[in-house]
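Remarks on the structure that follows.
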Amino acid sequence: MKCNVGSVDRLLRIILGLIIAILGVVFSSYWGLIGIIPLATGLFKWCPIYVPFKISTIKKAN
């Protein structure tokens, strides 16, 4: 599994995932479980949706 999520993308995914999960807990909604997806992709630095499109947000070194 090759990393394809860059640092800025990763940070945004983790923050968004936490916000969605916390709102799910606050409002007692199962929709908060959706927050697990961006949180997991941010923590593992790998997004399965990026693979078929050959997208990578990691900056390449010269």
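Counting only helical runs of four or more DSSP H residues, what would the 222 nm mean residue ellipticity of the chain come to if each run contributes -39,500 (n - 2.57) and the total is spread over all its residues? Please report the intermediate quantities before stating the final value.
Values: 3 runs with 33 residues, N = 62.
Here the helix-only value at 222 nm equals -16000 deg cm²/dmol.
Could you tell me the distance between the Cα centroids of segment 39-59 and segment 1-20, to the nearest Å?
8 Å
Taking the 0 to 90 degree range and rounding to the nearest ten, how far is the long axis of helix 7-26 tilted relative to the main principal axis of the chain, both from C-alpha atoms?
Tilt of helix 7-26: around 10 degrees.
For semi-axes √(5λ) of the Cα gyration tensor in Å, the choices are (1) 26, 11, 7; (2) 20, 14, 9; (3) 41, 16, 10; which was calculated from the structure?
Comparing each candidate, only (1) matches the computed number.
Between V26 and W46, what is the FRET efficiency for a Förster distance of 30 Å, r being their Cβ-Cβ separation, to the nearest 0.05? Each step should come with its number before you reach the end.
On the way: r = 29 Å, r/R0 = 0.97.
In this case the efficiency is close to 0.55.
If we count every other residue with Cβ under 14 angstrom of K2's Cβ, Lys/Arg +1 and Asp/Glu -1, where does the sum land? List each step's numbers first, then the result.
Working: positive: K45, K54, K60; negative: none.
Local net charge: +3.
Give the relative contact order (percent, whole number) for the chain; include only Cα pairs under 8 Å separated by 6+ residues.
Details: 78 pairs, mean separation 28.8, N = 62.
Averaging sequence separation for qualifying contacts and normalising by length gives 46 percent for the chain.
Read the figures in this text as sums done on the coordinates, not as results from a lab. This one's a predicted model, so the numbers in the text were calculated from it and none came from an experiment. Quick reminder, even Gly has a Cβ in these numbers, built from the backbone with ideal geometry, and neighbours come from all protein chains shown.
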